[in-house]
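Asks: Take a look at this one; I'll ask things after.
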Amino acid sequence: MFEKILIANRGEIACRVIRTAKRLGVSTVAVYSEADREALHVAMADESVLIGPAPSSESYLVVDRIIDACRQTGAQAVHPGYGFLSENPALFAGLESEGIVFIGPSKKAIEVMGDKIASKALAEASGVSTVPGFNHVIPDADEAIRCARKIGYPVMLKASAGGGGKGMRIAHSDEECREGFERASSEARSSFADDRIFIEKFISQPRHIEIQVLADQHGHVIHLNERECSIQRRHQKVVEEAPSPFVDDALRQAMGAQAIDLARAVNYVSAGTVEFIVDAERKFYFLEMNTRLQVEHPVTEKITGIDLVEWMLRIAAGEKLTLSQHDVGISGWSMETRIYAEDPLRGFMPSSGRVTRFRPPEASETVRIDTGLFEGAEVSLHYDPMVAKLISHGPDRDQAADTMRRALDQFEIRGIQANTAFLTALIESPRFRAGETTTAFIEEEFGQGFTGEALDASVLDGALAVVSLVHELRHRDRQPMAFEPERAPSPAKICRIARTADQTFEIALQEEASGWSVLIGSRVHRFKVLGNPYGSVVDFEFDGHSGSAQIRRSRNAYEVIHGGSRFTVAMFEPHVAQLASIMPKKIQPDRSHLVLSPMPGLLVSLSVNAGDTVKAGDEVAVVEAMKMENILRANRDGRVAVIHAKVGAALNVDQCIVELDQEPGE
């Protein structure tokens with residue numbers, strides 16, 4: 001085993017590799033950019049080396065700086081994590097020339113499988129089922145349209161060097177194909193310095209299912225079952241699980257056999273993942289092979305008990321894989337949700353800034369948190385928006401989902417926006433609970449965007465009961481120690497009026513020996529607080545079902561996060577509620593004539609000039625943030641009056657880019 005390794009990455013994956021290395025007694029070296037001086041992975045490592053400015057192109061993506069850090073520290077091997085240089089053969093070659101071990105596959109495997117065109121050709125030659133399409137570089141948008149017409153819409157435009165959902169666009173028409181080609185090639189050029197695009201048939205209603213493989217340097221290859229990663233947004237995975245609710249033993253064996261065949265064909269070594277798309281008839285097609293550790297690897301670790309990072313280190317050190325295919329079982333069910341720094345209520349726009357509160361749920365046998373974030377950390381716009389992964393485990397799928405839902409309700413993140421409420425809504429969706437997931441799931445279930453889940457009556461009543469009790473206890477100004485089960489209950493009935501944005505509720509609380517009875521309208525419930533009712537997260541039991549809610553007080557109102565929804569509840573005495581109902585409401589100013597940056601980012605391009613006439617929905621600008629390009633469109637018809645920002649400018653959230661005058665003809 002190695003004595004010292006360097007992790008050529010940042011964030012949660014760097015922290016995750018460090019944890020396993022420490023358990024094995026291996027010293028670790030972290031590298032960091034100027035933006036990551038105070039990052040968690042730097043604090044966790046035994047040593048750290050500054051490798052450049054904040055932009056990844058000047059730090060984490062510079063091979064020479066990684067090698068220099070190895071020279072400075074005497075690191076014997078490098079674990080690349082995922083993203084950045086993890087699938088860049090130049091890193092392997094540079095390390096090899098210095099006698100430093102790359103903890104991953106060979107340079108040839110990285111080159112062949114990292115090129116989607118070459119990997120598809122190898123898969124076809126190896127007898128692996130592949131998707132119909134044109135397996136050559138598409139030089140321009142016109143050629144893309146010609147190929148798309150021959151294949152038949154819809155088609156998928158894909159960057160040959162792509163990954164992580166970048167450089168990918170679905171097109172249903174010539175117009176979408178032209179725009180998709182431009183956006184895909186631009187993202188690929190920015191993310192991978194390689195703008196080659198190819199095109200293939202887009203298979204409607206597919207499931208994204210992948211097979212984890214492990215291969216040592218002695219010719220032994222096994223697979224570790226499947227993961228389902230169908231729930232995606234903009235081709236980035238959002239929820240993953242293992243095993244798949246769709247895969248039976250026969251399909252698992254068939255896919256596993258083809259994954260092993262492909263790994264053998266490229267002489268693969270280390271952990272890798274062969275990704276497939278599977279249609280409704282269980283026909284599967286090779287998508288790509290990722291020659292690295294996957295973001296979603298924890299769900300495989302949870303159901304198999306196998307530490308993939310440990311085996312990557314052991315295999316790179318020349319050890320034999322002692323596991324046989326027979327040793328790989330499936331224990332229970334595991335799910336992973338990706339916590340992104342983004343605002344689902346604003347079209348999932350990236351969110352950056354200082355994290356003022358970061359309190360994940362407590363880790364246990366059934367809950368795992370992988371993160372590089374901490375309270376006080378800065379989320380930079382220079383890097384990927386994923387800030388944490390939440391993993392649940394249970395004896396079956398329903399219990400794994402229940403555990404995930406509860407943990408998401410407990411996950412506190414403030415200072416930046418995060419997608420935890422949206423993830424809860426996904427997990428609670430009847431279609432997800434039924435296992436009916438495809439890559440079109442989010443588009444179909446949330447086609448109009450996410451506006452906060454409309455809670456059903458029982459879930460809303462639970463949230464109202466929590467707020468009512470918290471308000472009452474704070475109203476009495478009791479100390480937490482006074483709230484004990486053995487304390488004699490008060491016989492008085494407490495009446496309150498609760499108002500959300502669109503509903504008013506009459507609530508009566510009655511304290512009892514074993515908890516509280518709650519009357520909401522005509523509905524009677526039994527309610528009990530589990531633990532401290534004064535914390536920002538309140539655990540409770542409502543009509544025999546356990547739950548959690550985040551509660552934050554602001555004057556006489558409470559912000560509540562529960563069940564996939566974030567809403568505000570105002571609590572009043574009955575006579576005060578009557579007066580509050582006649583108070584005038586503030587009218588928000590009309591800003592529809594302004595095109596504002598919805599996030600901090602870089603203004604990549606402008607599509608209009610002063611004096612141009614635009615229609616609602618026309619492209620106005622493109623803003624890049626957290627490695628993704630976002631098209632901004634006009635909210636209404638109008639004429640461009642003023643352009644407030646120049647291409648290349650660094651934008652703040654809500655900064656005005658373009659201002660329209662009145663609509664033509666007015």
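Asks: Can you tell me the FRET efficiency between SER581 and ASP618 if r is taken as the Cβ-Cβ distance and R0 is 30 Å, rounded to the nearest 0.05?
Replies: 0.10
Asks: Within the range 11-85, list the GluC sites (Glu not before Pro) lying in a DSSP loop whose Cβ has at most 14 other Cβ atoms in a 10 Å radius.
Replies: Numbers: sites: GLU12, GLU34, GLU38, GLU47, GLU58; in loops: GLU38.
Passing both the DSSP loop test and the Cβ count: GLU38.
Asks: Hey, can you grab everything whose amide H is under 5 Å from the amide H of ASP618? Only 5+ residues off in sequence or another chain; H modelled, so Pro and N-termini drop out.
Replies: ALA634
Asks: Right, another one. Under unit Cβ charges (Lys, Arg +1; Asp, Glu -1), what dipole magnitude, rounded to 20 debye, does the chain have relative to its Cα centre? Display every interim value, and only then the final one.
Replies: Values: 73 positive and 94 negative charges, 159 e Å.
Around 760 debye, computed over the chain.
Asks: Report, to one decimal in Å, the Kirkwood hydrodynamic radius for the range 125-265 based on all distinct Cα pairs.
Replies: Values: mean 1/r = 0.0604 Å⁻¹.
Every distinct Cα pair counted, the radius reaches 16.5 Å.
Asks: Quick check: from the Cα gyration tensor, does the range 457-580 come out rounded (a/c under 1.5), prolate or oblate?
Replies: Cα axes put the range 457-580 in the rounded bin.
Asks: Report the residues of the range 174-204 in range of a label on ASP140: point 7 Å along Cα→C-beta, backbone N strictly under 18 Å from it.
Replies: 174-186, 195-199, by backbone N distance to the label point.
Asks: In percent, how large is the relative contact order of the range 594-660, given Cα pairs closer than 8 Å and 6 or more residues apart?
Replies: Relative contact order of the range 594-660: 45 percent.
Asks: Please go through the residue pairs LYS120/LYS166; LYS586/LYS627; LYS116/LYS627 and name each one whose alpha carbons sit more than 29 Å apart in this structure.
Replies: Beyond 29 Å: LYS586/LYS627.
Asks: A follow-up question, please. Quickly rank 13-20, 501-508 as a protection proxy: mean count of other C-beta atoms within 10 Å, highest first.
Replies: Packing order, densest peptide first, comes out as 13-20, 501-508.
Asks: A further question on this structure: Which order do peptides 104-114, 302-312 fall in by mean Cβ count within 10 Å, highest first?
Replies: By packing density, highest mean first, the sequence is 104-114, 302-312.
Asks: Please provide three numbers in whole Å: the alpha-carbon extents of the range 4-103 along the principal axes, with the largest listed first.
Replies: If we take the Cα atoms of the range 4-103, the spans are 29, 28, 23 Å.
Asks: Can you list the HN-Hα couplings for the range 406-414, worked out from phi with the Karplus curve (6.51, -1.76, 1.60; θ = phi - 60°), rounded to whole Hz and with x for Gly and Pro?
Replies: Karplus values, whole Hz, x for Gly and Pro: 5, 5, 5, 5, 8, 7, 9, 9, 9.
Asks: Same structure again: Grab the alpha carbons of the chain, take their convex hull, and tell me the volume per residue in Å³. Numbers along the way, then the final one.
Replies: On the way: hull volume 116.5 nm³, N = 666.
In the chain, the Cα convex hull volume per residue is 175 Å³.
Asks: Hey, with R₀ at 22 Å, roughly what FRET efficiency would LYS646 and ALA90 work out to, going by the Cβ-Cβ distance, to 0.05?
Replies: Result of the calculation: an efficiency of 0.05.
Asks: Hey, another quick one. Cut-off 14 Å, label point 7 angstrom out along Cα-to-Cβ of ALA193: give me the residues of the range 67-107 whose amide nitrogen falls inside.
Replies: Counting backbone N atoms under 14 Å from the label point, the list is 67, 84-94.
Asks: Remind me, what semi-axes does the range 132-201 give for its equivalent ellipsoid, largest first in whole Å, using sqrt of 5 times each Cα gyration tensor eigenvalue?
Replies: Semi-axes from the Cα gyration tensor: 18, 11, 10 Å.
Asks: What nm value, rounded to one decimal, do you get for the distance between SER126 and ARG19 when each label is placed 7 Å out toward the C-beta?
Replies: 3.1
Asks: Which length gain, in nm to one decimal place, applies between ILE631 and GLN503 when the Cα-Cα distance is subtracted from 0.36 nm times their residue separation? Please list the in-between numbers first.
Replies: On the way: separation 128, 0.36 × 128 = 46.08 nm, distance 3.59 nm.
Full extension from ILE631 to GLN503 adds 42.5 nm.
Asks: Stokes-Einstein at 10 °C, 1.306 mPa s, Kirkwood radius from Cα pairs: D for the range 397-443 in µm² s⁻¹?
Replies: This corresponds to a translational diffusion coefficient of 137 µm²/s.
Asks: Using a 10 Å cut-off around each Cβ, can you sort ILE170, ILE51 from fewest to most neighbouring Cβ atoms?
Replies: Details: ILE170 18, ILE51 22.
Ordered from fewest to most neighbouring Cβ atoms within 10 Å, ILE170, ILE51 come out as ILE170, ILE51.
Asks: Still on this model: Going by C-beta contacts inside 10 Å, put PHE286, PHE134 in order with the fewest on the left.
Replies: Fewest to most other Cβ atoms nearby, the residues stand as PHE134, PHE286.
Asks: Return the sequence-ordered ³J(HN,Hα) values of the range 631-646 in whole Hz as given by the Karplus equation 6.51 cos²θ - 1.76 cosθ + 1.60 applied to θ = phi - 60°, using x for Gly and Pro.
Replies: For the range 631-646, the Karplus curve yields 7, 9, 10, 5, 6, 7, 5, x, 10, 5, 8, 9, 9, 9, 9, 9 Hz.
Asks: Also, quick follow-up: Of all chymotrypsin sites (Phe, Trp or Tyr not before Pro) in the range 511-590, which ones are in loop regions per DSSP and have a Cβ with at most 15 other Cβ atoms within 10 Å?
Replies: Of the chymotrypsin sites (Phe, Trp or Tyr not before Pro), the ones in loops of the range 511-590 whose Cβ has at most 15 other Cβ atoms within 10 Å are TYR534.
Asks: Excluding residues on the same chain fewer than 8 positions from LYS22, give the lysines whose Cα lies under 24 Å from its Cα.
Replies: Partners found: LYS4, LYS302, LYS320, LYS389.
Asks: What is the Cα centroid distance between the range 352-387 and the range 73-135, reported in whole angstrom?
Replies: When both Cα centres are located, 29 Å separates them.
Asks: State, to one decimal in nm, how far the label point of PHE374 lies from the label point of HIS218, with both points 7 Å from Cα in the Cβ direction.
Replies: 4.0
Asks: I want the local charge near LEU603. Using Cβ-Cβ distances under 10 Å, sum +1 for each Lys or Arg and -1 for each Asp or Glu among the other residues. The partial results should precede the final answer.
Replies: Working: positive: LYS646; negative: GLU624.
Result for the local shell: 0.
Asks: Right, next: With a Cα-only, solvent-free Debye model of the range 594-660, what are the log10 I(q)/I(0) values at q = 0.17, 0.25, 0.28 Å⁻¹?
Replies: Log-scaled intensity ratios, in q order: -0.49, -1.05, -1.29.
Asks: Turning to a different aspect of this structure: So for the range 521-666, what are the equivalent ellipsoid semi-axes in whole Å, largest first, each being the square root of 5 times an eigenvalue of the Cα gyration tensor?
Replies: 45, 22, 13
Asks: If you plug each phi of the range 385-397 into the Karplus form 6.51 cos²θ - 1.76 cosθ + 1.60 with θ = phi - 60°, what whole-Hz ³J(HN,Hα) values come out, in order, with x for Gly and Pro?
Replies: These are the phi-based 3J(HN,Hα) values: x, 6, 10, 6, 10, 10, 10, 10, 9, x, x, 8, 5 Hz.
Asks: In debye, nearest 20, what is the charge dipole magnitude of the range 601-651 about its Cα centre with +1 on Lys and Arg Cβ and -1 on Asp and Glu Cβ, if you could check?
Replies: 100
Asks: Still on this structure, I have one more. What order do you get for 458-470, 582-594, 628-640 when each peptide is scored by the mean count of other beta carbon atoms within 10 Å, highest first?
Replies: The packing order, highest mean first, is 458-470, 628-640, 582-594.
Asks: Taking the Cα of GLN399, stepping 7 Å toward and past its beta carbon, and measuring to each backbone N in the range 324-349: which are under 12 Å?
Replies: 332-334
Asks: 5 Å is the cut-off here: which amide hydrogens, built 1.01 Å from N in the peptide plane, fall below it relative to VAL128, excluding neighbours closer than 5 in sequence?
Replies: none
Every number here is computed from the coordinates shown, using simple stated rules; none is lab data. Because the structure is a prediction, the values reported are computed rather than measured. Note: ideal-geometry Cβ built from the backbone for every residue, glycine included; neighbour counts use all protein chains shown.
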